[in-house]
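One structure below.
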Amino acid sequence: MIVAAVVVLPASAQFDPAFTNSWALQSFHNPAAAGVDGHLNIQGGYSMQMTGYEGAPKTMLVTADLPLTFWSPKHAVGAAFMNDAIGLFSNKKIYVQYALHLPIGWHKKGKLSIGARFVIISETFDGSGVDTDESGDKAFPTSEVSGFAIDGEIGVRFTWRDVWYAGVSAMHLTSPTIELGDDKVNQISIDPMYYITGGYKLLFRDKRYCLDMHGIVRTDFQAIRGDITARLAYEGRKNKLYGGVLYSPTNSVGFLFGINLHGVNVGYSYEMYTGGVGLQNGTHEIILGYQMDMNKGKKGKNLHKSVRFL
């Protein structure tokens, strides 16, 4: 039983997990990225962190976003569900989001995106698993207690063609406090979190290959983490493959690879922590995605192309 996972309540914590494949989950980290590429994007991810430790975090995420082509490609919507289990805690996050995309710049090759989302956060604590020396301590519930809160998040992003992008977003703007149980003695406070994201695609002379780079910085102004991923991608007539590395200067190193067939992407990554945790106790992460071109004005059937993945 993990006692370290039992936070003395009231408590403050960074709510959202850090995904290794943040490059593939851009609409999760910034609502302005919803529908930015003109495709229907459905993403699923499962992350097992600090494997080998009892009560280690396990996170499941499903997201979907698409442009409203029947109205205007300037408008896009999205939704997501996340379940994050850490020891005796279970965190759930559900949101719906909207993004506005405005062509700007030379020949309107740039795109300014503004997004916002409405969030419901649920927290459950299984007090039946608590083992303390003192009984009746109200700081440690002895049964399952839960609560929820309403939250809001915003973001902006600029994209230049398919070559580079940069964005900033703010999560948990309301600094919600979740009161657990009927007596509301125990509380979970969630601090605002801020993200800076960016990416660049380096094209080679052979157009089938490119180097796709993505960076993300997370901070609550008390702690900070930055990740950089670089993926060498191959896009053939039928198969699309990628392989790459992850580097987090203060946290970890890792590798990732995947394949895309007809718009369906399957990927795997392993993240090894560089301090305090053994190399064998890293993070395994699996992603599964589907992408479909929403431009029905093209001849023939909808074409499947994975710009985000590759």
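The values are calculated or read from the model by the stated rules, or taken from the named source; none is laboratory data. What you see is a predicted model, and the numbers here were worked out from it, not measured in a lab. Because the Cβ atoms are built from the backbone with ideal geometry, glycine has one as well, and the counts that use them run over all protein chains shown.
Key figures for this structure:
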{"quantity": "Those residues of segment 165-174 which are surrounded by fewer than 19 Cβ atoms within 10 Å (Cβ to Cβ) and part of a strand (DSSP E or B), in sequence order", "calculated": "ALA166, VAL168, ALA170"}
{"quantity": "Members of segment 247-256 found to be surrounded by fewer than 16 Cβ atoms within 10 Å (Cβ to Cβ) and either among the aliphatic types (A, V, I, L, M) or more than 18 Å from the chain's Cα centre (by Cα) (or both), listed by number", "calculated": "PRO249, THR250"}
{"quantity": "Selection count, segment 197-225, where residues are within 17 Å of VAL245 (Cβ to Cβ) and of a type in the set (Ser, Thr, Tyr)", "calculated": "2"}
{"quantity": "Candidates THR177, THR197 - the one that is under 26 Å from ALA116 (Cα atoms) and buried (at least 16 other Cβ atoms within 10 Å of the Cβ)", "calculated": "THR197"}
{"quantity": "Selection count where residues are free of Cβ contacts under 8 Å to residues at least 12 places away in the same chain and small (Gly, Ala, Ser), scope segment 163-209", "calculated": "0"}
{"quantity": "Identity of the residue in segment 44-57, out of contact with any Lys or Arg (no Cβ under 9 Å at 6 or more places or on another chain) and modelled with pLDDT of 95 or more, that ends up nearest to PHE70 (Cα to Cα)", "calculated": "GLY44"}
{"quantity": "Scan of segment 58-88 for residues that are at pLDDT below 90, in contact with a strand residue (DSSP E or B) (Cβ under 6 Å, 6 or more places away or on another chain) and either buried (at least 17 other Cβ atoms within 10 Å of the Cβ) or not in a strand (DSSP E or B) (or both), ordered by number", "calculated": "LEU88"}
{"quantity": "Selected residue (criterion: farthest from SER143 (Cα to Cα)) from residues of segment 184-209 that are at pLDDT 90 or above, part of a loop (DSSP other than H, G, I, E, B) and basic (Lys, Arg)", "calculated": "ARG205"}
{"quantity": "Hits in segment 32-42 (condition: buried (at least 19 other Cβ atoms within 10 Å of the Cβ), under 14 Å from the mean Cα position of the chain (by Cα) and not in a helix (DSSP H, G or I))", "calculated": "ALA34, ASN41"}
{"quantity": "Subset of segment 274-310 (residues that are under 29 Å from PHE204 (Cα atoms) and modelled with pLDDT under 80)", "calculated": "MET294, ASN295, LYS298, ASN302, LEU303, HIS304, LYS305, SER306, VAL307, ARG308, PHE309, LEU310"}
{"quantity": "Filter result (surrounded by 15 or more Cβ atoms within 10 Å (Cβ to Cβ), in contact (Cβ under 8 Å) with a residue 24 or more places away in the chain and aliphatic (A, V, I, L, M)) within segment 222-246", "calculated": "ALA233, LEU246"}
{"quantity": "Of all residues making up segment 43-56, the number that are outside any loop (DSSP other than H, G, I, E, B) and crowded, with 18+ Cβ neighbours inside 10 Å", "calculated": "3"}
